[in-house]
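Here's the structure we're looking at; comments come further down.
The values are calculated or read from the model by the stated rules, or taken from the named source; none is laboratory data. Being a predicted model, the structure only gives us computed values, none of them experimental. Note: ideal-geometry Cβ built from the backbone for every residue, glycine included; neighbour counts use all protein chains shown. Just so you know, the surface numbers come from the protein's heavy atoms only, side chains and all, with ligands and any DNA or RNA stripped out. Shrake-Rupley method; radii C 1.70, N 1.55, O 1.52, S 1.80 Å.
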Amino acid sequence: MSALHIKKGATRHSAYNLRPNFSDVQERHTIAVLVENEPGVLARVIGLFSGRGYNIESLTVAEVDHTGHLSRITIVTTGTPQVIEQIKAQLGRIVSVHEVHDLTVEGPSVERELAMLKVVGDGEKRVEALRLADIFRANVVDSTLNSFVFEITGAPDKIDAFADLMRPLGLAEIARTGVAALLRGD
Amino acid sequence: MTREMTGAKMVVQALKDQGVDTVFGYPGGAVLPIYDEIFLQNDIRHILVRHEQGAVHAAEGYARSTGKPGVALVTSGPGATNAVTGLTDALLDSIPIVVLTGQVPTFMIGSDAFQEADTVGITRPCTKHNWLVKETDTLAATIHEAFHVATAGRPGPVLIDIPKDVQFANGEYQPPKPSASHYQPIVKGDMEEITELVAAIETAKKPVFYTGGGVINSGPAASQLLRELVDATGFPITSTLMGLGAYPASGDNWIGMLGMHGLYEANMAMHDCDLMINIGARFDDRITGRIDAFSPNSKKAHIDIDPSSINKVIRVDIPIVGDVAHVLEDILKVWKSRGRKTDSANVAHWQAQISDWRKVNCLAFTQEGKTIKPQHALARLEELTKDHDRYITTEVGQHQMWAAQYLGFEDPNRWMTSGGLGTMGYGFPASIGVQMAHPDALVINVAGEASWLMNMQEMGTATQYRLPVKQFILNNERLGMVRQWQELLHGERYSHSWSEALPDFVKLAEAFGAKGILCSDPADLDDAIMEMINYDGPVIFDCLVEKHENCFPMIPSGKAHNEMLLGEAETQGVIDSKGSVLV
């Protein structure tokens with residue numbers, strides 16, 4: 001991921017496109033933020049979004065570099081191009097933030113999300129749920145005589161599609177991790 | 001070399017090693033170990049304020065008048081929450097201050113202990129960065145890093161929360177060393193963009209420099225380079241409230257402050273220019289007025305050290321991220337190497353146009369009768385103090401705008417006002433901070449009576465430390481700016497905008513052991529001002545002024561730069577429903 005070496009806040013060649021094309025179209029962007037893994041850092045990022053009125057569609061965070069004390073936050077957000085540029089610039093000025101990458105701009109990227117779905121039912125519905133799970137390459141991670149817990153990984157819309165199919169078959173509960181994303185290639 | 005010592009001693013040692021000579025503070029249970037260490041040394045002066053908000057504003061005044069970070073020390077809980085307004089003020093005006101707060105011991109955090117507050121949580125959105133230190137071994141390095149963060153890049157307030165057990169425990173003291181943290185903002189601008197700006201300078205017919213607090217924050221070299229560039233190009237220059245003094249008010253190319261209460265010629269120049277060079281300003285809503293009518297025909301360049309300032313409000317054509325002094329140096333270098341070209345014929349024509357606008361004489365007023373006009377009071381203050389080694393602070397409101405209009409600033413760091421947050425109660429404690437940094441200077445807080453009362457408890461501080469701060473109160477017995485907006489926007493229904501039950505300011509001064517001067521007759525004004533200047537000690541100057549004077553020029557909310565109101569006759573029904581929701 002060579003793009004990771006771009007310096008924070010540099011020039012028009014940087015991740016901060018200082019000459020954006022302003023339009024009113026709402027865009028969906030996936031932003032990866034490398035942060036110092038320290039107490040309160042997530043609150044800083046979330047506080048920025050709530051304080052300035054930006055959207056968060058999904059947000060995931062975990063430590064990715066134990067020795068460097070770095071965590072990676074992946075945020076899916078929507079906004080006009082001007083708002084997206086502001087989000088990146090505002091993230092960049094948080095002192096604990098090391099790097100900001102707009103994977104939607106720097107892409108192509110791959111996005112994956114993990115979900116667990118509890119489906120309760122018996123008879124034909126139970127058989128149908130299992131068959132659909134197979135088609136979607138979902139795994140059964142827990143089973144009782146009248147329920148399954150499926151584990152499924154994929155792009156968010158694949159999970160949406162699977163959840164929609166499970167709903168009439170007895171979908172009782174769903175837990176989603178939110179999106180993790182990486183740029184394609186080296 | 002490392003040394004073992006207590007956390008409390010470390011705090012004092014780290015402050016000394018950072019070159020701190022003055023700390024503004026107020027003790028309490030959770031900072032007693034640090035106060036004990038302060039008691040045992042003589043290198044750092046501690047100024048006991050009367051309220052923690054005063055400590056932070058005093059630190060701001062110290063910082064803005066010296067360019068060095070200001071330091072405040074307060075206790076946990078209410079001490080920390082009282083500091084919040086000052087922190088937010090410093091954040092919006094990009095003032096470097098370091099606030100140290102005590103905290104309940106680590107093992108009691110989260111237990112709703114006495115005087116416990118989630119200080120880092122509360123102050124996260126109103127600091128540039130903050131830290132809760134849980135181990136004494138990391139305390140010294142954290143303090144050093146805090147000074148680095150407060151001053152590097154776009155300056156701002158930082159806070160370090162120090163639990164009491166961390167103050168008592170022993171640890172290894174780390175002396176300061178150049179910051180190795182990843183936080184190293186870029187100071188050099190992109191040469192391609194700089195060259196593009198120079199090309200624009202060479203061909204501009206109607207250029208204007210629009211400068212802001214970033215020039216002051218960048219340091220004295222930035223102001224020096226700005227003066228060189230402005231005078232070499234002969235381009236007119238205006239400034240925001242925050243940037244006054246970077247270019248001298250007596251300079252040939254100065255066209256006055258711009259913005260909501262800026263000068264006619266400055267706002268007209270902004271509206272009609274073909275090249276706008278924004279240096280260290282941020283297109284604040286007080287400056288732009290109506291966004292879609294803001295300087296419609298200009299190419300805009302923006303120099304700012306904070307990338308988030310660029311394209312936040314106004315889309316610019318030439319963005320330059322960098323420190324003002326570094327970028328100005330490069331602009332001058334490139335411009336000179338390309339032959340120091342400007343379109344001087346057209347620029348002269350433009351200057352003539354600005355001179356015509358100046359003839360409107362938008363600050364004209366008539367002083368007649370037995371009542372002092374506030375503008376007259378400031379004009380006389382200017383005349384009688386301009387040759388002094390003078391520093392001005394202000395509170396917030398009409399008096400603040402009049403001070404910006406009628407006082408002239410020849411140098412940076414001489415003008416301390418709450419620009420972004422608009423904090424009533426800022427000016428008095430700020431004047432204390434300024435006077436501490438400049439003991440022999442003439443420090444005047446231009447105030448309104450309502451703002452001044454918000455932090456009047458600091459009279460105790462002023463008299464205790466014999467600080468000869470002059471409180472120049474333009475007393476109209478009104479919240480003048482609120483009243484002005486109610487007149488313009490709310491059908492002259494003056495809801496709660498007058499000051500009833502005011503104290504007798506002369507007796508108030510005497511009660512604190514200071515001098516009080518009352519002046520209500522224009523004929524006495526000069527003598528009274530001279531008496532204030534010549535008195536060696538704090539003075540409350542109660543200047544009774546015209547009660548219903550409004551502040552002009554004014555760009556009404558939702559209007560463009562060329563739709564300024566110049567006086568009372570033009571005020572009826574000028575703000576439409578869209579404008580009335582703006583502040």
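Beyond 28 Å, how much of the Cα-Cα pair distribution for chain A remains, as a whole percent? Walk me through the numbers before you get to the answer.
Values: 6319 of 17205 pairs.
It works out to 37 percent of all Cα pairs.
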Check: In a Debye calculation with equal point scatterers on the alpha-carbon sites of the range B:209-260 and no solvent, what is log10 I(q)/I(0) at q = 0.14, 0.16, 0.25, 0.32 Å⁻¹?
Finding: -0.28, -0.37, -0.91, -1.39
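Pop out the Kirkwood hydrodynamic radius of the range B:191-358 from its pairwise C-alpha distances, inverse of mean 1/r, in Å to one decimal.
Working: mean 1/r = 0.0649 Å⁻¹.
Evaluated on the range B:191-358, it is 15.4 Å.
Can you give the average number of partner chain beta-carbon atoms within 10 Å of each beta-carbon in peptide B:318-324, as a whole number? Intermediate values should be presented prior to the final figure.
Working: counts 2, 6, 3, 8, 3, 0, 0.
What the average comes to for B:318-324 is 3.
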Check: Dipole of chain A, Cα-centred, from +1 at each Lys and Arg C-beta and -1 at each Asp and Glu C-beta, to the nearest 20 debye?
Finding: 480
Next item on the list: Using a cut-off of under 14 Å, list every residue of the range B:238-265 whose amide N is near the label point 7 Å from the Cα of B:V360 along the Cα-to-beta-carbon line.
Entry: B:256-265
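Considering only DSSP states other than H, G, I, E and B, which GluC sites (Glu not before Pro) in the range B:299-397 qualify as loop sites with at most 11 other Cβ atoms within 10 Å? Don't jump to the answer; show the numbers that get you there.
Values: sites: B:E329, B:E368, B:E382, B:E383, B:E395; in loops: B:E368, B:E395.
Loop-located and lightly packed - B:E368.
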Next item on the list: Report Rg (one decimal) and Dmax (nearest whole number) for the protein assembly as shown, counting Cα atoms only, units Å.
Entry: 29.1, 101
Next item on the list: Give the peptides B:485-496, B:526-537 in descending order of average Cβ contacts within 10 Å, highest first.
Entry: B:526-537, B:485-496
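Just the number please: accessible area per residue for the protein assembly as shown, 1.4 Å probe, all protein chains included, in Å². Mind showing how you got there, number by number?
Values: 30770 Å² over 769 residues.
For the protein assembly as shown, the per-residue accessible area is 40 Å².
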Checklist line | Per-residue average of Cβ from other chains inside 10 Å of A:76-83 | finding: 1
Next item on the list: Across the range B:3-173, how many lysine pairs, 8 or more positions apart or on different chains, have C-alpha atoms separated by under 20 Å? Please give the number.
Entry: 5
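With only Lys, Arg, Asp and Glu charged, each at its Cβ (+1 for the first two, -1 for the last two), find how big the charge dipole of chain B is about the Cα centre; round to the nearest 20 debye. Provide the component values of the computation, followed by the final result.
Values: 47 positive and 71 negative charges, 168 e Å.
Charge dipole of chain B: 800 debye, to the nearest 20.
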Checklist line | Net charge contributed by nearby residues that have their C-beta within less than 15 Å of B:T423 (K/R +1, D/E -1) | finding: -4
Margin query: Distance between the C-alpha centers of the range B:483-498 and the range A:80-121? Whole Å please.
Written below: 47
Check: Farthest toward the dipole's positive end in the protein assembly as shown, which of B:M564, B:H46, A:H98, given Cβ charges of +1 (Lys, Arg) and -1 (Asp, Glu) about the Cα centre?
Finding: A:H98
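Distances longer than 34 Å among the Cα atoms of chain B: what percent of all pairs is that? Kindly include the intermediate steps, with their values, before the conclusion.
On the way: 72432 of 169653 pairs.
Value for chain B: 43 percent of Cα pairs lie more than 34 Å apart.
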Check: Once both labels are modelled 7 Å past Cα along the beta-carbon direction, what's the A:T80-B:H388 spacing in nm?
Finding: 5.0
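Note down the relative contact order for chain B as a percent, whole number, built from C-alpha pairs under 8 angstrom at least six residues apart. Don't skip to the end; give the middle numbers.
Working: 1320 pairs, mean separation 81.2, N = 583.
Dividing the mean separation by the residue count of chain B yields 14 percent.
Counting helices only, and only those DSSP H runs with n ≥ 4, report the 222 nm mean residue ellipticity of chain A as the sum of -39,500 (n - 2.57) divided by its residues, in deg cm²/dmol to the nearest 500. Can you show the working numbers first?
Working: 5 runs with 51 residues, N = 186.
Calculated at 222 nm, the ellipticity per residue is -8000 deg cm²/dmol.
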Next item on the list: Consider just the alpha-carbon atoms of the range B:49-152 and return their Rg together with their Dmax, both in angstrom.
Entry: 13.3, 41
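Where does each of B:300-306, B:461-467 land if you order them by average Cβ count within 10 Å, highest first? Don't skip to the end; give the middle numbers.
On the way: B:300-306: 25.6, B:461-467: 18.9.
In decreasing order of mean packing, B:300-306, B:461-467 become B:300-306, B:461-467.
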Next item on the list: Would you mind checking which residues have amide H under 5 Å from A:L182's amide H? H placed 1.01 Å from N; only 5 or more apart, or other chain.
Entry: A:V110
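Taking a temperature of 4 °C and a viscosity of 1.567 mPa s, what whole-number D in µm²/s does Stokes-Einstein yield for the range B:374-544 with Rh from Kirkwood over alpha carbon pairs?
On the way: Rh = 16.0 Å.
Result for D is 81 µm²/s.
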Next item on the list: Ignore the peptide's own chain and count Cβ atoms of other chains within 10 Å of each Cβ in B:296-307; give me the average, rounded.
Entry: 2
Item checked: Hz values of 3J(HN,Hα) by residue in the range B:223-240 - Karplus curve (6.51, -1.76, 1.60), Gly and Pro given as x -> 4, 4, 5, 4, 4, 5, 5, 5, 6, 6, 7, x, 7, x, 9, 10, 9, 6
Margin query: Which one, B:Y426, B:I372, B:P412, is farthest towards the positive end of the dipole of the range B:360-427 when Lys and Arg carry +1 and Asp and Glu -1 on their Cβ?
Written below: B:I372
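Treating only the Cβ of Lys, Arg, Asp and Glu as charged (+1, +1, -1, -1), what charge dipole size does the range B:191-358 show about its Cα centre? Round to the nearest 20 debye. Don't skip to the end; give the middle numbers.
Values: 16 positive and 21 negative charges, 33 e Å.
The dipole magnitude comes to about 160 debye.
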Checklist line | Most positive-pole-ward Cα, B:S65, B:H148, B:V120, against dipole of the range B:3-173 from beta carbon charges | finding: B:S65
Next item on the list: Using only alpha carbon pairs under 8 Å that are at least six residues apart, calculate the relative contact order of the range A:110-183 and give it in whole percent.
Entry: 52
Check: Between the range B:196-253 and the range B:71-112, what's the alpha-carbon centroid distance in Å?
Finding: 36
Checklist line | Helix-only [θ]222 nm of chain B, DSSP H runs n ≥ 4, -39500 (n - 2.57) each, per residue, nearest 500 | finding: -11000 deg cm²/dmol
Margin query: I'd like the FRET efficiency for B:Y535 and B:D36, computed as 1/(1 + (r/R0)^6) with the beta carbon distance as r and R0 of 30 Å, rounded to 0.05.
Written below: 0.20
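Sequence gap at least 6, Cα distance under 8 Å: using those rules, report the relative contact order of chain A to the nearest whole percent. Intermediate results must be reported in sequence, preceding the final value.
Details: 351 pairs, mean separation 46.7, N = 186.
Relative contact order, chain A: 25 percent.
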Check: Whose amide H sits under 5 Å from the amide H of B:R45, counting only residues 5 or more places off or on another chain, with H placed in the peptide plane?
Finding: B:T22, B:V23
Next item on the list: Could you run the Karplus curve 6.51 cos²θ - 1.76 cosθ + 1.60 with θ = phi - 60° over the range B:508-524 and give me ³J(HN,Hα) per residue in whole Hz, x for Gly and Pro?
Entry: 4, 4, 5, 4, 8, x, 10, 9, x, 10, 10, 9, 10, 10, x, 5, 8
Notebook entry, point to check: Can you work out ³J(HN,Hα) from phi for every residue in the range B:266-279, in order, using Karplus 6.51 cos²θ - 1.76 cosθ + 1.60 and θ = phi - 60°, giving whole Hz and x for Gly and Pro?
Noted result: 5, 5, 5, 5, 4, 5, 9, 5, 10, 9, 10, 10, 7, 10
